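Q: Mind having a look at this structure? Questions to follow.
The values are calculated or read from the model by the stated rules, or taken from the named source; none is laboratory data. These numbers were taken from a predicted model, which means no experiment stands behind them. Every residue, glycine among them, receives a Cβ derived from its backbone with ideal geometry; neighbour counts consider all protein chains shown.
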Amino acid sequence: MSKKVKFTIDGNEISAEEGKNLLDVACENGYYIPALCHMKGHKPAGSCRLCNVKVNGRIMTACTTLVSEGMEVITEDEELAELRKTILEAMFVDGNHFCPACEKSGVCDLQALAYKHKIMSPKFKYEFSNKKVEAEVPKIMLEKNRCILCKKCIRAIKSKDGKNIFGFKARGKKLEITMDEELAAQMTDEDIQRAMDICPVGTIIKKEKGFKIPIGKRKYDKKPIGDNVEKHKEKEKD
Amino acid sequence: MTKKITIDPVTRVEGHGKVTIHLDENNKIKESRFHIVEFRGFERFVKGRPYWEIPVLVQRLCGICPVSHHLAAAKAMDMIVGANSLTPTADKMRRLMHYGQILQSHALHFFYLASPDLLFGYEANVEKRNVVAVAMENKELALQGINMRKFGQEIIKITAGKKIHGTGAIPGGINKNLTTEERDFFLKGEENMNVEQIIKWARGALDFFKNYHSKHKKFIDDFAYFPSNHLSLVTEDGAFDPYHGVLRAVDSEGNIIFDKVDSTDYYKYMGEQVKNWSYMKFPFILSIGKETGWYRVGPLARINTCDFMPSPLAQKELEEFRSYNDSKPSNSSMHMHWARLIEILHCAEMVQKLLNDKDLEGTDLVKKGNKQEEGIGLLEAPRGTLFHHYKVNENDLISMANLIVATTNNNEPMNKAVNYAAKELMNKQKEITEEMMNGVEVAIRAYDPCLSCATHALGQMPLKISLYDSNNKLINQKIT
């Protein structure tokens with residue numbers, strides 16, 4: 001049996017298995033920390049930088065921090081809120097996130113976090129990304145101008161023999177997501193739907209299915225992002 | 001010394017336009033033009049987008065009647081996905097959305113934008129030319145207008161998900177049906193949202209107009225009168241139908257120019273001309289030619305081209321309208337208001353009929369067939385016939401888009417109306433007054449132009465009029 005460690009999150013004592021990452025533990029205990037690249041059960045990527053928290057006063061990404069004895073974690077304060085909001089704003093200007101005509105609107109994690117952080121308009125200049133839409137494969141499409149380079153698809157979606165279907169190409173500012181057309185063409189409808197659901201934005205698109213869910217029935221029409229995690233707040237209210 | 005008058009911006013219209021009027025040495029109208037001064041380029045930037053995104057994307061052309069663009073694009077996409085017909089639920093939900101749309105858009109125009117022209121006249125003080133002044137003068141009428149518009153928007157919300165820029169229509173169908181609660185809200189709900197009440201108010205608005213007409217016959221019948229051709233969609237048997245039909249064009253006397261033209265053949269019968277002083281194109285009927293092939297669209301054209309209204313109260317009103325015009329098409333610009341009110345009544349009647357139709361609660365929402373490379377969707381938007389034409393490449397991305405919007409069709413008629421009003425009000429006048437310039441706007445406003453849609457343009461609403469002397473020197477200007 002693995003060793004348990006005791007520490008605090010926002011002043012409340014928490015006990016968890018040593019070696020688990022802080023983001024998962026916080027989530028299991030009802031503390032919502034926003035993240036766009038994290039998937040439970042997969043090795044943390046630390047790429048979106050949104051899950052910044054304060055550990056013993058120092059800002060660190062929760063997904064790449066392992067819980068340890070006596071650590072004092074702050075998940076929410078003014079400085080963290082501003083930092084997260086700035087990171088989100090940077091993501092919006094880096095790509096073309098035209099929510100009004102995007103079929104992921106209402107189920108998009110990036111959009112939901114923007115609402116949660118009350119982003120009305122970004123303070124940075126738009127980059128007006130002009131990357132080619134990859135639509136040559138019959139059932140799946142990549143709208144690269146919406147990609148936030150979270151690597152979730154690269155890490156989670158594999159072919160039957162374990163090969164990567166998605167990957168990065170180029171470097172630096174030109175870095176972009178791409179897919180192996182041959183492997184992508186072999187994906188089942190379920191695989192494509194899974195890839196689309198994993199994508200936190202509107203980059204991976206299952207072709208010809210857009211806008212099937214009416215407004216009012218979409219994931220974040222019903223509840224804001226993080227609502228299902230934030231149990232501790234409910235307890236506090238009680 | 002010749003003079004040039006510019007009205008810039010034109011007010012109480014959707015979008016941004018200006019009028020220029022040239023006067024000669026004797027203050028006689030030499031030339032007048034209605035310019036649309038903005039450009040947006042929707043036809044270009046939808047290229048490369050996936051086809052299923054288009055109905056949601058192109059509706060951003062406008063915030064007043066986005067449903068028209070949403071549905072016209074969806075109709076084109078129905079062709080792309082090979083849906084030759086829709087399920088009864090999808091067809092009727094889309095129709096309900098469209099009737100709600102026409103109702104709210106017409107109510108907005110008549111009560112908010114145009115009613116000051118009728119209540120106070122074009123020579124009224126500037127401070128009276130708005131809906132607030134209407135509310136002070138005739139509270140009941142203003143409130144009815146507000147509630148009728150709200151009703152139409154609520155109908156859009158239950159069919160498209162949102163009052164403005166929803167997502168209801170998808171290629172091959174619709175993404176939701178009607179729930180019993182949604183239906184009962186309009187059939188059994190509070191008075192202001194009850195369809196029976198809306199029908200009563202629509203009839204009341206017609207009575208108001210007819211009463212006004214009886215006292216101002218010359219203004220309503222003669223102001224900006226000019227003969228023209230008329231074009232609209234009608235059903236195969238000649239019924240008024242704003243959602244779907246065949247193209248019919250008649251001349252100013254009611255003689256058929258063409259009839260039963262399949263909407264997908266529109267380009268064989270119609271052309272577009274470009275002029276260097278406006279971003280708005282000039283469409284014309286090919287068989288007649290550029291000079292005289294222009295035509296009116298919108299409420300007046302629809303009322304002129306159809307054989308009958310498929311709802312009892314609106315049919316009675318049509319008969320009265322026809323009888324007044326000696327069973328011939330009306331060519332009076334101000335009769336546009338009359339026709340618009342008949343359409344409001346028809347839409348309210350059709351909404352009532354559809355709300356009582358069980359098909360709306362069906363669950364079969366989408367149909368698809370063999371995919372096509374080209375899709376054409378036509379419908380009658382509140383302001384007239386709307387054409388959406390797209391081509392899709394082998395990767396499901398748009399490779400061509402052509403949009404001819406209602407106001408574009410009315411480009412030449414609006415120019416004619418400006419010319420008429422300018423001649424009527426300004427010819428040989430010693431001084432060009434602000435009231436005269438407002439009179440020019442009244443003529444334009446009767447067409448309820450949506451200039452944002454027409455040039456797919458982005459901008460503020462008002463219009464500007466300027467007066468220039470023979471040396472092109474600005475000597476007077478009005479911005480409202």
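Q: Answer with yes or no whether B:E127 is more than 25 Å from B:G384 (Cβ to Cβ), over 17 Å from the mean Cα position of the chain (by Cα), touching a residue at least 12 places away in the same chain (Cβ under 8 Å) and outside the structural domain of B:T264 (by TED's automatic domain parsing).
A: Details: more than 25 Å from B:G384 (Cβ to Cβ): yes; over 17 Å from the mean Cα position of the chain (by Cα): yes; touching a residue at least 12 places away in the same chain (Cβ under 8 Å): no; outside the structural domain of B:T264 (by TED's automatic domain parsing): yes.
The answer is no for B:E127.
Q: Can you find a residue that is without any contact (Cβ under 8 Å) to a residue 40 or more places away in the chain, buried (at least 17 other Cβ atoms within 10 Å of the Cβ) and more than 18 Å from B:I102 (Cβ to Cβ) anywhere in region B:218-230? Walk me through it before giving the result.
A: Start the filter on region B:218-230 by keeping residues that are without any contact (Cβ under 8 Å) to a residue 40 or more places away in the chain, which leaves B:218.
With buried (at least 17 other Cβ atoms within 10 Å of the Cβ) added as a condition, the list becomes none.
No, region B:218-230 has no match at all.
Q: Of the residues B:N325, B:N393, which single one is assigned by TED's automatic domain parsing to the domain that holds B:K281 and at pLDDT 95 or above? Write out each step before concluding.
A: Values: B:N393 fails: assigned by TED's automatic domain parsing to the domain that holds B:K281.
Just a single option satisfies the conditions, and that option is B:N325.
Q: In addition: Look through region B:130-167, keep the residues that are in contact with an Asp or Glu (Cβ under 8 Å, 6 or more places away or on another chain) and within 14 Å of another protein chain (Cβ to nearest Cβ), and return whichever of them is farthest from B:A348 (Cα to Cα).
A: Start the filter on region B:130-167 by keeping residues that are in contact with an Asp or Glu (Cβ under 8 Å, 6 or more places away or on another chain), which leaves B:133, B:158, B:163.
Of the ones still in play, those that are also within 14 Å of another protein chain (Cβ to nearest Cβ) are B:158, B:163.
Working: B:I158: 16, B:K163: 17 Å.
For region B:130-167, the residue satisfying everything is B:K163.
Q: Let me ask you something else. Between a residue in region B:52-78 that is within 24 Å of B:D448 (Cβ to Cβ) and more than 9 Å from chain A (Cβ to nearest Cβ) and any residue that is surrounded by fewer than 24 Cβ atoms within 10 Å (Cβ to Cβ) and of a type in the set (D, E, K, R), which pairs come within a Cβ distance under 6 Å, given they are 6 or more apart or on different chains?
A: The qualifying pairs are B:I64/B:E14.
Residues checked against (1) at pLDDT below 95; (2) assigned to a loop (DSSP other than H, G, I, E, B); (3) of a type outside the set (D, E, K, R):
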site	(1), (2), (3)
B:A348	no, no, yes
B:F387	yes, no, yes
B:S399	no, no, yes
B:T408	yes, no, yes
B:E424	yes, no, no
B:E435	yes, no, no
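Q: Just checking, which of A:A101, A:A170, A:A112, A:A62 is out of contact with any Phe, Trp or Tyr (no Cβ under 7 Å at 6 or more places or on another chain), under 23 Å from A:K219 (Cα atoms) and among the small types (G, A, S)?
A: Only one candidate qualifies: A:A101.
Q: Any idea which of (1) without any contact (Cβ under 8 Å) to a residue 12 or more places away in the chain; (2) touching an Asp or Glu at 6+ places or on another chain (Cβ under 7 Å) is the one A:G210 doesn't satisfy?
A: Answer for A:G210: the failing condition is (1).
Q: Quick one: A:K209 ticks every box in (1) modelled with pLDDT of 95 or more; (2) more than 25 Å from A:D94 (Cβ to Cβ); (3) within 13 Å of chain B (Cβ to nearest Cβ) bar one, so which box is it?
A: Condition (1) is where A:K209 drops out.
Q: Something else: Mind listing whichever residues of region B:366-382 are buried (at least 16 other Cβ atoms within 10 Å of the Cβ) and either in a strand (DSSP E or B) or away from chain A (no Cβ under 14 Å) (or both)?
A: Once the filter is applied, which keeps residues that are buried (at least 16 other Cβ atoms within 10 Å of the Cβ) and either in a strand (DSSP E or B) or away from chain A (no Cβ under 14 Å) (or both), region B:366-382 yields B:V366, B:G375, B:I376, B:G377, B:L378, B:L379, B:E380, B:A381, B:P382.
Q: Where in region A:123-233 are there strands (runs of 3 or more DSSP E), lying wholly inside it, with at least 3 residues that are within 22 Å of A:Q111 (Cβ to Cβ) and either of a type in the set (A, V, I, L, M, F, W, C) or outside the structural domain of A:C51 (by TED's automatic domain parsing) (or both)?
A: Here the list reads A:140-142, A:204-206.
Q: Do we have any residue at all in region B:206-221 that's in contact with a Ser or Thr (Cβ under 8 Å, 6 or more places away or on another chain) and assigned to a loop (DSSP other than H, G, I, E, B)? If you could, list the steps in order and put the result at the bottom.
A: First pass over region B:206-221, keeping only residues in contact with a Ser or Thr (Cβ under 8 Å, 6 or more places away or on another chain): B:220-221.
Still in the list and also assigned to a loop (DSSP other than H, G, I, E, B): none.
Looking for residues that are in contact with a Ser or Thr (Cβ under 8 Å, 6 or more places away or on another chain) and assigned to a loop (DSSP other than H, G, I, E, B), one finds none in region B:206-221, hence no.
Q: Tell me whether region B:117-129 contains one or more residues that are within 30 Å of B:A160 (Cβ to Cβ) and not hydroxyl-bearing (S, T, Y).
A: Of the residues in region B:117-129, the ones within 30 Å of B:A160 (Cβ to Cβ) are none.
Checked region B:117-129: no residue is within 30 Å of B:A160 (Cβ to Cβ) and not hydroxyl-bearing (S, T, Y).
Q: Of all residues in region A:93-122, which are within 14 Å of chain B (Cβ to nearest Cβ), outside any loop (DSSP other than H, G, I, E, B) and of a type outside the set (A, V, I, L, M)?
A: A:C99, A:P100
Q: So which residues in region B:56-65 are surrounded by 24 or more Cβ atoms within 10 Å (Cβ to Cβ) and modelled with pLDDT of 90 or more?
A: Once the filter is applied, which keeps residues that are surrounded by 24 or more Cβ atoms within 10 Å (Cβ to Cβ) and modelled with pLDDT of 90 or more, region B:56-65 yields B:V56, B:V58, B:Q59.
Q: Go through region B:224-331 and tell me which strands (runs of 3 or more DSSP E), entirely inside it, have 1 or more residues that are over 18 Å from the mean Cα position of the chain (by Cα) and of a type in the set (V, I, T).
A: Values: elements: B:229-234, B:246-250, B:256-261, B:270-273, B:282-285.
So the answer is B:246-250, B:256-261, B:282-285.
Q: Consider only pairs whose beta carbons are under 7 Å apart and that are at least six residues apart or on different chains; among these, list those whose first residue lies in region A:69-89 and is in the same structural domain as A:G11 (by TED's automatic domain parsing) and of a type in the set (G, A, S) and whose second residue is surrounded by 15 or more Cβ atoms within 10 Å (Cβ to Cβ) and at pLDDT 95 or above.
A: These pairs meet every condition: A:G70/A:F7.
Q: A:I74: of a type in the set (A, V, I, L, M), farther than 30 Å from B:G48 by Cβ and more than 14 Å from chain B (Cβ to nearest Cβ), yes or no?
A: On the way: of a type in the set (A, V, I, L, M): yes; farther than 30 Å from B:G48 by Cβ: yes; more than 14 Å from chain B (Cβ to nearest Cβ): yes.
Criteria met by A:I74.
Q: So which residues in region B:171-204 are assigned to a helix (DSSP H, G or I), among the charged types (D, E, K, R) and away from every other protein chain (no Cβ under 14 Å)?
A: B:R183, B:D184, B:E191, B:E196, B:K200, B:R203
Q: Taking A:F168 as the residue in question, decide whether it is away from chain B (no Cβ under 14 Å) and among the hydrophobic types (A, V, I, L, M, F, W, C).
A: Numbers: away from chain B (no Cβ under 14 Å): yes; among the hydrophobic types (A, V, I, L, M, F, W, C): yes.
Criteria met by A:F168.
Conditions tested, residue by residue: (1) of a type in the set (A, V, I, L, M); (2) outside the structural domain of B:H337 (by TED's automatic domain parsing); (3) not in a helix (DSSP H, G or I).
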{"site": "B:M93", "(1), (2), (3)": "yes, no, no"}
{"site": "B:Y99", "(1), (2), (3)": "no, no, no"}
{"site": "B:L103", "(1), (2), (3)": "yes, no, no"}
{"site": "B:L108", "(1), (2), (3)": "yes, no, no"}
{"site": "B:L113", "(1), (2), (3)": "yes, no, no"}
{"site": "B:Y122", "(1), (2), (3)": "no, no, yes"}
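Q: Of all residues being closer than 18 Å to B:E412 by Cβ and among the β-branched types (V, I, T) in region B:249-305, which is surrounded by the fewest Cβ atoms within 10 Å (Cβ to Cβ)? Just the residue, please.
A: Looking at residues that are closer than 18 Å to B:E412 by Cβ and among the β-branched types (V, I, T), I get B:V274.
Q: Is there a residue in region A:116-124 that is over 16 Å from the mean Cα position of the chain (by Cα), surrounded by 14 or more Cβ atoms within 10 Å (Cβ to Cβ) and closer than 24 Å to B:F45 by Cα?
A: yes
Q: Checking the conditions here, which among B:T408, B:T385, B:T363 is surrounded by fewer than 22 Cβ atoms within 10 Å (Cβ to Cβ) and of a type in the set (V, I, T)? Reasoning before the result, please.
A: Numbers: B:T408 fails: surrounded by fewer than 22 Cβ atoms within 10 Å (Cβ to Cβ); B:T385 fails: surrounded by fewer than 22 Cβ atoms within 10 Å (Cβ to Cβ).
Residue meeting the stated conditions: B:T363.
Q: Ok, one more. Of all residues in region A:95-136, which are among the hydrophobic types (A, V, I, L, M, F, W, C) and touching a strand residue (DSSP E or B) at 6+ places or on another chain (Cβ under 9 Å)?
A: A:V133, A:A135
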